[in-house]
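Working notes, beginning with the structure itself.
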Amino acid sequence: MLFSVRKLVCSLIFLLAISESFSQELLFTEKPGMVSYTYRKSFSKDVAATLDTLQAMGITDMEFSNLFGKTATELRSLLDERGMHCSSFGVGYTDLMEKTDEVAQNAIILGASFVRVAWAPHEAPFTEADARKTISDFNSVGKILKEDHGLTFCYHNHGYEFQPFGEGTLFDLIVQETNPKYVSFEMDILWTFFPGADPAALLEKYGDRFKLMHVKDLRKGIKGNLSGTTPTENDVTLGTGQLNLPEILRAAKKAGVVHFYLEDESPIYYLQVPKSIKFLETLEKD
């Protein structure tokens, strides 16, 4: 009789554990997207084979910042053949401003909804004058992309914009002085944390101004600055570095970020990326 009671109790505990695990709601029910820059060396050698590698990992959402010798039409065809898509197209500042229509057409052919730029020209340090020039450029080009082409422009922060200014930073100035109708943002969480800002707090502060996100982690022990640069070896597997990823990603979901892209600049990205994907798959909603 005692054995039977113990067996019943163990069975109930096991069933409760299973029930609890099924009731836990995961933060990411989908695979993250991928920034082409992570696999830049591989893409430069063989675009099709690299897409095959990503497809095998379950990646379907891409952000391209290079056509890797292909036309937009050729790259779109390779994506379509694999059931993949490009949601964001990144370009340099000069092309953004001087070849706006060409950039827009390439983005549309690729199937992207967003056009992104990740660096504003400046001589260090980034100044108020740099920020105000950037604001003016973004408002004008963002209007063209939205009204003429139906695309959303996003600026990807890179760290140098967090120079103190007034009661905040020059990044605050850029967000506050750009037109929300025409200018949105892609938060790179490493390049938000590195200069000393709080990614989760910024997401809460500016809400749906952030449409896109680069998800990455910074090696423990590394101290940041306002340079916008750090050795690529400091990109580490998600969950092994300094960033409070659960807090940041929950804030991003709440803010309404639409696309989450893995970016890993490390020389051993091919070893780290699968582990980073597994980390994201363990995150719970609450």
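The values are calculated or read from the model by the stated rules, or taken from the named source; none is laboratory data. Note that the coordinates shown come from a computational prediction; the quantities given were computed from them, not determined experimentally. Please note: Cβ atoms are built from the backbone with ideal geometry, for glycine as well, and neighbour counts cover all protein chains shown.
Residues in the stretch 166-180 that are in a loop (DSSP other than H, G, I, E, B) and hydroxyl-bearing (Ser, Thr, Tyr): Thr178 alone. Where helices (runs of 4 or more DSSP H) fall wholly inside the stretch 1-106, the ranges with 1 or more residues that are buried (at least 17 other Cβ atoms within 10 Å of the Cβ) and modelled with pLDDT of 95 or more are 40-45, 47-56, 72-81, 93-98.
For the stretch 173-208, filtering for residues that are farther than 19 Å from Gln163 by Cα and of a type in the set (Asp, Glu) leaves 2.
Going by the conditions given, is Leu238 aliphatic (A, V, I, L, M), modelled with pLDDT of 95 or more, part of a loop (DSSP other than H, G, I, E, B) and over 17 Å from the mean Cα position of the chain (by Cα)? Considered against the rule, which asks whether it is aliphatic (A, V, I, L, M), modelled with pLDDT of 95 or more, part of a loop (DSSP other than H, G, I, E, B) and over 17 Å from the mean Cα position of the chain (by Cα), Leu238 comes out as no.
Which of the residues spanning the stretch 201-235 are in a strand (DSSP E or B) and either farther than 21 Å from Arg116 by Cβ or touching a helix residue (DSSP H, G or I) at 6+ places or on another chain (Cβ under 8 Å) (or both)? Those that are in a strand (DSSP E or B) and either farther than 21 Å from Arg116 by Cβ or touching a helix residue (DSSP H, G or I) at 6+ places or on another chain (Cβ under 8 Å) (or both): Phe210, Met213, His214, Val215, Asp217, Leu218, Asp235. The number of residues in the stretch 186-203 being aromatic (Phe, Trp, Tyr) and crowded, with 24+ Cβ neighbours inside 10 Å comes to 2.
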